[in-house]
Amino acid sequence: MLKRRYARISIVLTVLGLAILLLFRTYYGQVYEIVFVCIGAALSIAGMIIGFIFMKCPSCGRRSAMPQWSKSGTRYCIYCGERFVYNDSV
Ligand SMILES: [Zn+2]
């Protein structure tokens with residue numbers, strides 16, 4: 001079973017990082033722009049790494065699972081056809 005907590009952490013960090021990259025570009029001058037780009041890139045990369053580590057297929061172990069925020073059992077492994085079921089209690 002996939003862990004919902006890690007799926008959500010992965011989604012939040014990736015989206016937050018990309019949002020910072022896109023939104024905080026030119027408001028505060030060049031020094032802050034570099035800071036925001038670094039923070040945004042670090043967050044989105046961290047989110048992707050967490051997704052990469054924890055979103056493994058429970059059946060075959062390949063990294064085919066996409067993080068899902070609230071749905072469960074609607075996606076299938078592209079390698080072995082196993083349904084991805086999330087555990088909401090962890
Ligand atoms: Zn699989």
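The values are calculated or read from the model by the stated rules, or taken from the named source; none is laboratory data. Note that the structure is predicted; figures quoted are calculated from it, not measured. Don't worry about glycine lacking a Cβ; one is built from the backbone with ideal geometry, like all the others, and counts go over all protein chains shown.
Side notes on the structure shown:
- Within the range 56-77, one or more residues are over 16 Å from the mean Cα position of the chain (by Cα), among the β-branched types (V, I, T) and assigned to a loop (DSSP other than H, G, I, E, B).
Conditions tested, residue by residue: (1) surrounded by 14 or more Cβ atoms within 10 Å (Cβ to Cβ); (2) away from the ligand (no atom under 16 Å from the Cβ); (3) modelled with pLDDT under 95.
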| site | (1), (2), (3) |
| --- | --- |
| L23 | no, yes, yes |
| Y28 | no, yes, yes |
| I34 | no, yes, yes |
| V37 | yes, yes, yes |
| S44 | yes, yes, no |
| F52 | no, no, yes |
| S89 | no, yes, yes |
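- Test set (1) farther than 20 Å from I11 by Cβ; (2) within 15 Å of the ligand (Cβ to nearest atom); (3) surrounded by 13 or more Cβ atoms within 10 Å (Cβ to Cβ); (4) not aliphatic (A, V, I, L, M) - S64 fails condition number: (1)
- Complete set of residues in the range 72-86 that are away from the ligand (no atom under 12 Å from the Cβ) and closer than 16 Å to G51 by Cβ: Y86
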